Structure formats: structure tokens, C-alpha cells
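**Student:** Sharing a structure, written as C-alpha cells. Questions coming.
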Amino acid sequence: MICRTGFPVKSASLLMSFVATFLLFGNTLFARTEEHHLLLDGSETLSQFGLDSLGNWWAITQPYSEQYRVYINGEESDTYLTLTGLQFASSGEHWAYFGEDHTGWAVIADDTVITLNASAPGQIHFSRINDLLTYSYIANGLEYIVIGDEKISTYQKIGDYYISPNGKRYAYMSQRGSSYVMNINGHETQLYDEIKPIGFWHDGKFLYAACYGNLWELYKDDEPISEQYAAIPEAVINADGTSAGAIAKLQSGYYYSILLNDDYYDILTSSEYDAMSDIVIHPYDALIACKAELNNSYYMLMNSTEYPSEENAGAPQFTYDGSEMFFLGCRVSCFLSVNGKKIKVPNQLDPGYSIAKKPGSPTICFPTSTTLTMQNVETNEINGSLLIDLITYPIYNRISGAYETLGSINNRLYLMRLQP
């Protein structure tokens, strides 16, 4: 069973263990590249666990009835009635979550504990550049956002809030009757029928898509920056706010992709297609990728470049450094496409899997129901990890230089590594 990790809100359900038979892919090897480390010995009931993109691990246990504890990189917390909202800073050096005990709610961070006079928690975010801790909470029917020493009272806030990369500006969506506005650092935009918040641009302006009547546009703060469209179903922005992308539906019914970057005077658009989906953005450069269909032919686009694909292809991914765009697909046989080059892989791979890939390496890493598996797609050599009951999706940890995942066996938690 693959564990889709999340942080439990009120009562954490015990993850049910089961025994499964390991599915062999060719000649599976275990010795050279595999290592595993016991993280938790099973003395407390294991509820949930997860791994962030930099290899920080966490786990929720239930040492007593209705009492929960969180372990973060081996550091043990006090027990709480409720734990929720765990977030790691993008640097990986800081973390925070909400905890509730008999005295009330608090924000518990790696270097501080902040007592809240709250009836319910909100969200936690760290700023991108300086790891500034921000959070929201509800008290007396109002939601407040706290940024440093500033406490901001929101009005009819809906959904999450957003923080600029330097932590100096905030934004959130607010409802006014049947309409909506964006509140950007205390300034409210005009009323819209629908809004899709995207994120902060590097200059502090807030980027969003909004609809008035039947027409959608992209905006920075109050300024429209795009043509009018029938719909903008998807939009993304990179972490530094230097590039953004979107899929737009034209009045004709066709779709094209949109790329925004200050290096270009105008918005860049792709060719038109019958359908587009699953847009992703390069971590640093002005590049986007998405799936596209035209006249029953299927493509993976990177900006305006078309790579052959299939109807059931998985979503595109970029490696952490952006050097490779890759995806899985199947027709007669399954394949991995890396920067447009197709490589045959085992048919048992589901194109919907979120696989991990080391940049420049011929290896990929993916979970089965009972193990972590690494395959060299050039030699077809396969390596597997310890057999386990539950497993998280793997990452490539650029710090350790290995593929990593967490797995549990009979309530014990292991960190498993495969070295490419």
C-alpha cells in the first residue's frame, strides 16, 4: 500500500498493515545500493508519516488514548490532543505546526512556541527568501494573519493566504455576497464573479486569474495583463515569482498555454489544441510543460516544443535542478520520456505514478505495494529495498545523493535509501 502522506487534523487513524507478495521486475538486486535505518521502534502506535523534498522526515504517533505526538527528524514533541498544519521552510532548516492541549492552541516551531488565544487554527507559511514564519488562526469568529510582529484582521477570508517571497506582503481571497475580491496587503480589488489566486510576482505584485461575466483575464494587483478568455482552468508560478504559466481556453473552444516572464515583453503563447492539462513550471527558467491533444494525437509540450506522447501519459515533471523534463506513458509498451527521448521501461509501471529521478542519471525510482524500486533504464538493472507494509512516494534527496522513502513494518518506521 502506498501512503499518501498528510498531517492528521483531529484523530489520526492507525495505518492498517497488510502482507503482500513482492512483484519481481527481472533480476532484482538488493545488496549494492540499498540501506535502511530504523527511525521508530514501534513502541508507540504509528499513525502517519511523511518525507519532504529535502529529506526531512516526520511521523505522528499515538502514545496514549486521544494523545498524539510528532517526531521531526528524530526530535520528539510533547503530547497533544490535536496536531495539524505541519510546514517546512523551503530551506529545510525550519518547521512549524499547530498543537492543541488542555490549555488551548499554540504554534510549535523548531525554535519557539507561540501560545494562541484561538478557537481554531488556520494555515502556516514560511517566506521563500528569509524563512519568516507566518500563520493564521480564528478567534471570536474572526481570522487573523500574523506576519512577524504584525497581526492582520481579515474579513470574510476564503481559503489559504499567500506571502510574498520576502515576507513583506500578503494576499487572500474574500467573499462579498455572491462576488469575490482579492485583498492584497489591505487593498481590495474590484468585485469578480470568480477568482483563482496564483501567487506573488518577484516585485511584490500579486498574480491571479479572475472572471467577470463570462470572460477571464490574468491580473497583477489591479492591472489586467492578458487577453480575455473563456476560461483559465490551470495556472502555476515558480517559487521565486519570476515565471508563471497558465492554460487558457479561447472563445473558439481551443486551448493554448501562456508563459509570463519579465525577460519577454509580451506574454508567450503556444499553438492551439483541442485539450490541455497538467501544467508544471521549471524551478528557475522561463519554461512550462503540459499535456496537449490535437486531432486525436497526443503531445507533451515544453513551451511551444512538441514531444510525442500517449493518451494515458502521466503528468510532466522537472528534476529539482530543471535540467530534465520527464514523464511516463504506455501504448503497446511503457516508456519514460526524458527531454523528448523515449526509453522503454517495465509494463507494470503506472503512468500516473509520481516517480523520482536524479538529474543526468539513467535511473528512476518508484514504489510498488511492498518495496522501493530503482531501475536503470539503460541496462534494465533493478534494485529493491527492504520489504515493507506501507510506503510513501520516493524523492531524490540532492543532499544525500540517494533516492529515499519512508516505510513501515508492523508499526516500526524505516528510512530506506537506494543509491543510484
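FYI, it's all coordinate maths here, none of it is from the lab. Since the structure is predicted, the reported quantities are computational estimates derived from the model, not experimental observations. Virtual Cβ from ideal backbone geometry, glycine too; neighbours counted across all protein chains shown.
**Student:** Quick check on the range 166-307: take the gyration tensor over C-alpha atoms, sort the square-rooted eigenvalues as a ≥ b ≥ c, and tell me if it's rounded (a/c under 1.5), prolate or oblate.
**Tutor:** It is oblate, given that a/c is not under 1.5 and a/b is not larger than b/c.
**Student:** How high is the FRET efficiency from Leu250 to Ser43, r the C-beta distance, R0 51 Å, rounded to 0.05?
**Tutor:** Taking R0 as 51 Å, the efficiency between Leu250 and Ser43 is 0.30.
**Student:** Listing Ile399, Ile184, Ile388 from the residue with the fewest other Cβ atoms within 10 Å to the one with the most, what is the order?
**Tutor:** Ile399, Ile184, Ile388
**Student:** Also, I was wondering about something else. So if a site counts as exposed when it's one of the GluC sites (Glu not before Pro), its DSSP state isn't H, G, I, E or B, and it has at most 11 other Cβ atoms within 10 Å, what's the longest stretch of the chain without one?
**Tutor:** 67-377
**Student:** Mind checking which of Gly104, Gly241, Gly314 has the largest fluctuation in a GNM of the chain, springs on alpha carbons under 10 Å?
**Tutor:** Between Gly104, Gly241, Gly314, it is Gly104 that shows the largest mean-square fluctuation.
**Student:** Straight-line reach from Lys357: which lysines have Cα under 23 Å away, leaving out those fewer than 8 places along the same chain?
**Tutor:** Lys291, Lys341, Lys342, Lys344
**Student:** Distance between Cα centroids, the range 224-263 to the range 79-141: provide it in whole Å.
**Tutor:** 33 Å
**Student:** A further question follows. Compute the FRET efficiency between Tyr284 and Asn185 as 1/(1 + (r/R0)^6), taking r as their Cβ-Cβ distance and R0 = 30 Å, and round to the nearest 0.05.
**Tutor:** Once rounded, the FRET efficiency stands at 0.70.
**Student:** Gain in length, Tyr265 to Tyr212, computed as 0.36 nm per residue apart minus the alpha-carbon separation, to one decimal in nm?
**Tutor:** 16.5 nm
**Student:** If we count other beta carbons within 10 Å of each Cβ, what is the order of Ser226, Ser53, Ser153, fewest first?
**Tutor:** The order, fewest Cβ neighbours first, is Ser153, Ser53, Ser226.
**Student:** Using a Gaussian network model on the chain with a 10 Å cutoff between Cα atoms, which of Leu349, Leu38, Leu336 fluctuates the most?
**Tutor:** Top of the fluctuation ranking is Leu38.
**Student:** Quick one: Karplus J couplings for the range 319-333, per residue in order, coefficients 6.51, -1.76, 1.60, θ = phi - 60°, nearest Hz, x for Gly and Pro?
**Tutor:** Whole-Hz 3J(HN,Hα) from phi for the range 319-333: 5, 4, 8, x, 6, 9, 10, 9, 7, 9, x, 9, 9, 5, 10.
**Student:** Calculate the FRET efficiency for Ile225 and Gln419 from the Cβ-Cβ distance with a Förster distance of 51 Å, rounded to the nearest 0.05.
**Tutor:** 0.65
**Student:** What net charge is computed for the residues neighbouring Ile158, neighbours being all others with C-beta under 11 Å from the C-beta of Ile158, Lys and Arg scored +1, Asp and Glu -1?
**Tutor:** Neighbourhood net charge equals 0.
**Student:** Val332 versus Thr103, label points 7 Å from Cα toward the beta carbon: distance in nm?
**Tutor:** 7.0 nm
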